[in-house]
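What follows is one structure encoded as structure tokens, with my remarks underneath.
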Amino acid sequence: MHRPTTSAEPTPDDRIRQLRGRIDQVDAELAELLERRALLAAEVQRLKPVGYFAGRDARRERELVERMAEHAPRLGADRLAAIMDSVISAGLAAAQEEAERDR
């Protein structure tokens, strides 16, 4: 007996669209998390005697990356270190600009 084929299986283009939609959702969540992180880091910088770029703590940053690498083994510590360096630098720059505007 011959069974008709069904189009229940998504095409590669459909699957790409679905996956990109999920990526877009993750990116939106990531942006919100980065904003929250930047706000928290800015508060820390305001409390430090030496803040912003001069107040970076290399040991703490290494520990942060090591903890993150446990949750993101595909990226690994080296890639995460580069990502977090950018995240930290961007957050510090934003906090410093905000502080200078508020003076």
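The values are calculated or read from the model by the stated rules, or taken from the named source; none is laboratory data. Quick caveat, the model's predicted, so the values are computed rather than measured. Don't worry about glycine lacking a Cβ; one is built from the backbone with ideal geometry, like all the others, and counts go over all protein chains shown. The protein model used for the area step is the full one, side chains on, heavy atoms only, and it has no ligands, DNA or RNA in it. Shrake-Rupley method; radii C 1.70, N 1.55, O 1.52, S 1.80 Å.
At a 1.4 Å probe, what is the % contribution of carbon and sulfur to the accessible area of the chain?
With neighbouring chains kept in place, the figure for the chain is 55 percent.
Let me have the 222 nm mean residue ellipticity of the chain computed from DSSP H runs of 4+ only, each contributing -39500 (n - 2.57), with the sum over all residues rounded to the nearest 500. If you can, show how the numbers build up before the last one.
Values: 3 runs with 77 residues, N = 103.
About -26500 deg cm²/dmol.
Where in segment 48-79 does the amide nitrogen come within less than 16 Å of the point 7 Å from the Cα of R103, taken along Cα to Cβ?
50-55
Counting only residues 5 or more places away or on other chains, whose amide H sits under 5 Å from the amide H of R56 once H atoms are built in the peptide plane?
none
Taking only protein heavy atoms into account and a 1.4 Å probe, give the accessible area per residue of segment 10-96 in Å². Provide the component values of the computation, followed by the final result.
Details: 6670 Å² over 87 residues.
Counting only protein heavy atoms, the per-residue value for segment 10-96 is 77 Å².
Excluding A90 itself, what net charge comes from residues whose Cβ is under 12 Å from its Cβ, given Lys and Arg +1 and Asp and Glu -1?
-2
Counting only other residues whose beta carbon sits under 14 Å from that of R103, what net charge do I get with K and R as +1, D and E as -1?
Around R103, the surrounding residues sum to -2.
When all alpha-carbon pairs of the chain are counted, what percent fall beyond 15 Å?
Percentage above 15 Å: 74.
If we count every other residue with Cβ under 14 angstrom of R20's Cβ, Lys/Arg +1 and Asp/Glu -1, where does the sum land?
Value of the local net charge: -1.
Order of 17-25, 33-41 by packing, highest average Cβ count within 10 Å first? Don't jump to the answer; show the numbers that get you there.
Values: 17-25: 10.4, 33-41: 13.7.
Highest-to-lowest ranking by the protection proxy: 33-41, 17-25.
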